[in-house]
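Working notes, structure below.
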Amino acid sequence: MTDSHNSGQHKDREAAAAEVRRMWQPTPSWTQPDPNPAPTTPPPPPPPAQNKPPVSSQATPDPDEVEDEAVEEEQSDALSQEFPGDSWSQPAETPSAAPDPWTKPAAEPAADAWTQQPAAEPAAEARTKPEPAADPWSKSAGYEPTGESWTRSGTPEPAADPWTQPTQEPAGQQSPQLSPAAQHFFPQGIPGQGAPQPDRQVSYRADELLQALPLPREAPAEKGVRSVLRLRPGTSERLERIARATAATAFRRPVTVTIANPKGGSGKTPTTLLLAGALGQARGGGVVAWDNNELRGNMHLRTHDTNSRSTVTDLLQAMQMLTQPDARLGDVGAYLRHQVSGQYDVLTSATTTYAQIEAKDFDQIHRLLSRFYKVLVIDTGNNEGSSNWREAMKASDVLVIPIKWKSLSCAAAVQMLEELDHQGPDAQRLIRRAVIAVSNGPGDVNKEVEKQLRPYFESRAAAVVDIPTDPHIAAEGPLDHSALQPATRRAALELAAKVAEQVTIALNVPR
């Protein structure tokens, strides 16, 4: 009876030993060894062997049980020699042996070095432990330095929470795990060895590619000390660049700007030439200044003749030839005056009083000039009742009102605005897009008039631009843009920018 009982127990022990060998068979590691392992403090020695709980619960061991314990200890010693890294079969007398990281179950938290069980346990108790699974977070046993603890320092660390660990990737897509030191440098994994990323849809549309290009760097300053040191432009120069770019806006059709104030001597002709010159310089040409006086204006006295003494009367006589399909800009330019410094052309009014410009004449000239020029700047006379004056208002995209801070000049502008306000919605929109150009000669400023009427013009019009007093304009000779003071040229450019802004608004509103 005893022999059969012992033989049954031996078979169970042999089966348990085979199962232990199978489940403790070393598996290939998916991790890379840490090239610079941190020095660690070996764990404290386990408690003495005498504190080990008894294997059997019987108070008095049976002789057969004593013999069984001897056999189990021999098998445990054999297993410890066959698997030197096995912490479950390691004898308690070798506390310096490093614990085997492969023995940690994946579903249980890491064991604390201070609460680990004694190294040597009976084989019978080993059979009751669950089958451990390979832990992807553990280090390779082949590269584990002897005596390395689970903690980096002597202070014990809390056990890792298995619920916070990432889910393992499916078979065939599992990326190699990194050591803690390598994870510091590669938090997203080894470059080129991760899971394949889906191909992104790359757009090759021209507008998207152009928007993705880097913006060009700002050009260095062109004035003052900043230009010598090749620094960025200051605030004043940057605003001037913005105004020049605004004045050079490309319009989708030819546009008409009308300068009007019924009061003579309010500065209509100088304002027309200043605006045409600022637009011509900013746009590089394509601008014409037209003296639309029904009888005789003063523009021929304020511009250089450039060897051409033709007037609007001569242009009307050649209208049949100039309106042919094969007519060219050079054919029209023969009847105009080109102003080199401002890069614009001038069509002067008649120098005699025998021919008066009517509405039909205005329409023919307007169609012809719109065919060859992009911007038409029209100077008007003093008669609001003339047909060509009214036709100019109907064709206008933007209205510019030149004034001086004098009672008569401002009163005539106010009366004109009130008259236009009764002409319908188109005239009212023209008032809202109006730009007030204040050009004062020497001694023309009345501070009291300015104090009373500036708020009125600012509320009715879109903008008010002040043009400083310039001796070259006050001389009443041919206006040369190169002879103007810098402040005057800057004010003319600001006027051109304001007009261009209002033209852009007008083009967005259907006529």
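A few remarks follow.
- Residue pairs meeting the criteria (Cβ under 7 Å; at least 6 apart or on separate chains; first in contact (Cβ under 8 Å) with a residue 40 or more places away in the chain, in region 442-465; second basic (Lys, Arg) and surrounded by fewer than 18 Cβ atoms within 10 Å (Cβ to Cβ)): 462/432
- Residue count for region 380-398 satisfying the condition of being closer than 15 Å to residue 363 by Cα and not polar (S, T, N, Q): 7.
- Where strands (runs of 3 or more DSSP E) sit wholly within region 273-353, those with at least 3 residues that are open to solvent by less than 10 Å² (accessible area, probe 1.4 Å) and in contact (Cβ under 8 Å) with a residue 12 or more places away in the chain occupy 287-292, 344-347.
- Out of 267, 224, sole residue that is at pLDDT below 95, within 30 Å of residue 509 (Cβ to Cβ) and among the small types (Gly, Ala, Ser): 267
- Evaluation of residue 275 against the conditions (1) farther than 26 Å from residue 441 by Cα; (2) in contact with a strand residue (DSSP E or B) (Cβ under 8 Å, 6 or more places away or on another chain); (3) not basic (Lys, Arg) shows that the sole unmet condition is (1).
- Any pair with Cβ under 6 angstrom, 6 or more apart, that starts in region 354-368 at a residue that is touching a residue at least 24 places away in the same chain (Cβ under 8 Å) and ends at one that is of a type in the set (Ser, Thr, Tyr): 355/313; 358/387; 359/387
- When region 248-268 is filtered for residues that are hydroxyl-bearing (Ser, Thr, Tyr) and surrounded by fewer than 24 Cβ atoms within 10 Å (Cβ to Cβ), the ones remaining, listed by number, are 249, 256.
- Here region 382-408 is the region considered, the condition is being open to solvent by less than 10 Å² (accessible area, probe 1.4 Å) and assigned to a helix (DSSP H, G or I), and the residue that is farthest from residue 466 (Cα to Cα) is 388.
- Only helices (runs of 4 or more DSSP H) whose full extent lies in region 434-511 are considered here, and the ones with at least 2 residues that are of a type outside the set (Ser, Thr, Tyr) and within 26 Å of residue 298 (Cα to Cα) are 471-474, 486-507.
- Scanning region 354-372 for residues that are open to solvent by less than 80 Å² (accessible area, probe 1.4 Å), within 20 Å of residue 269 (Cα to Cα) and not in a helix (DSSP H, G or I) returns a single hit, 357.
- Candidates 210, 178, 229, filtered to the one that is open to solvent by 100 Å² or more (accessible area, probe 1.4 Å), modelled with pLDDT under 85 and either of a type outside the set (S, T, N, Q) or in contact with a His (Cβ under 6 Å, 6 or more places away or on another chain) (or both): 210
- If you check 500, 487, 475 for being touching a residue at least 24 places away in the same chain (Cβ under 8 Å) and either open to solvent by 60 Å² or more (accessible area, probe 1.4 Å) or out of contact with any Cys (no Cβ under 6 Å at 6 or more places or on another chain) (or both), only one passes: 500.
- Residues that are under 37 Å from the mean Cα position of the chain (by Cα) and loosely packed, with under 12 Cβ neighbours inside 10 Å, drawn from region 414-469: 459
The values are calculated or read from the model by the stated rules, or taken from the named source; none is laboratory data. Not measured: the values here are computed from a predicted model. Please note: Cβ atoms are built from the backbone with ideal geometry, for glycine as well, and neighbour counts cover all protein chains shown. Note: areas computed on protein heavy atoms with side chains; ligands, DNA, RNA excluded. Shrake-Rupley method; radii C 1.70, N 1.55, O 1.52, S 1.80 Å.
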